[in-house]
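I have placed the structure first, in the form of structure tokens, so that the comments after it can refer back to it.
The values are calculated or read from the model by the stated rules, or taken from the named source; none is laboratory data. Keep in mind it's a predicted model, so treat the numbers as computed, not measured. Cβ coordinates were reconstructed from backbone atoms using ideal geometry, including for glycine residues, and neighbour counts include every protein chain displayed. The protein model used for the area step is the full one, side chains on, heavy atoms only, and it has no ligands, DNA or RNA in it. Shrake-Rupley method; radii C 1.70, N 1.55, O 1.52, S 1.80 Å.
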Amino acid sequence: MKTLYMMRHAKSSWDFDVPDDKRPLNQRGLNDADLIGKELVSLIKPIDKVLCSPAERAMSTAEIVLNHLNVSKDRFAVENELYDFDGNQVMDVVKNCDDSIQTLMIFGHNHAFTSITNFFGDKRIDNLPTAGFVEIAFNVEHWKNISVGKTLSLIYPKLVR
């Protein structure tokens, strides 16, 4: 059994003249990441590996959420291929994970995460909101063999507030 946790970065700021990958979270984003991090503490099982897009907004979201989940830094890695908006690179990253990893958490971007949720999950969504979290379980032994799994959780700030 493999479990994939996906979290879209929280709301970012457009108030700064910086490249896209350097955009920081705005105050709402900081609050929403904290809110979802607190919510996940009692909902998810231990995480074997965390991969994160190198974008500032994804890294900040991951830091806030992982502080709540007490995930050790040795389980965290930046994965450049997660700075992807259509989902093909993200799917390659997931399918190429080491099979010793049972529970994988990734932090990244839309439209990739909405597309992957609809491709791999059994519940269709229109959009994964900022700071949105999805859990999909797969009844396989190897990440390369994942196909349609069971969507177990869909959590986002408006549901929790």
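At 1.4 Å probe size, with every protein chain present, just tell me what the per residue accessible area of the stretch 45-157 comes to in Å².
47 Å²
Per the Cauchy relation, a quarter of the hull surface: what is the mean projected area of the convex hull of the alpha carbons in the stretch 1-86, in nm²?
Mean orientational projected area (the stretch 1-86, Cα hull): 6.2 nm².
Name all residues of the stretch 3-46 having a backbone nitrogen under 20 Å from the label point set 7 Å from the Cα of residue 75 along its Cα→Cβ direction, giving them as ranges.
3-9, 33-46
Share of antiparallel DSSP beta bridges in the stretch 35-161, in percent to the nearest 5?
Bridges in the stretch 35-161 that DSSP calls antiparallel: roughly 40 percent.
If I compute solvent accessible area with a 1.4 Å probe over the protein chains, what percent of it on the chain is carbon and sulfur?
48 percent
Give me the dipole magnitude in Debye, nearest 20, for the stretch 87-161 about the Cα centre, with unit charges on the beta carbon: positive for Lys and Arg, negative for Asp and Glu.
Computed charge dipole of the stretch 87-161: roughly 340 debye.
Please list the equivalent ellipsoid semi-axes of the chain, computed as the square roots of five times the alpha-carbon gyration tensor eigenvalues, in descending order and whole angstrom.
Working from the Cα gyration tensor, I get semi-axes of 23, 16, 16 Å.
Taking only DSSP H segments of four or more residues, each worth -39500 (n - 2.57), what value at 222 nm results for the chain once the sum is divided by all its residues, to the nearest 500 deg cm²/dmol?
-9000 deg cm²/dmol
Can you tell me which lysines have their Cα less than 28 Å from the Cα of residue 150? Leave out same-chain residues fewer than eight positions away.
2, 11, 38, 45, 49, 95, 123, 158
Can you give me the distance in nm between label points at residue 13 and residue 28, each placed 7 Å from the Cα along the Cα-to-Cβ direction?
1.5 nm
Pop out the ³J(HN,Hα) list for the stretch 60-71 in order, Karplus 6.51 cos²θ - 1.76 cosθ + 1.60 with θ = phi - 60°, rounded to Hz; leave Gly and Pro as x.
5, 4, 4, 4, 5, 5, 5, 4, 6, 8, 6, 8
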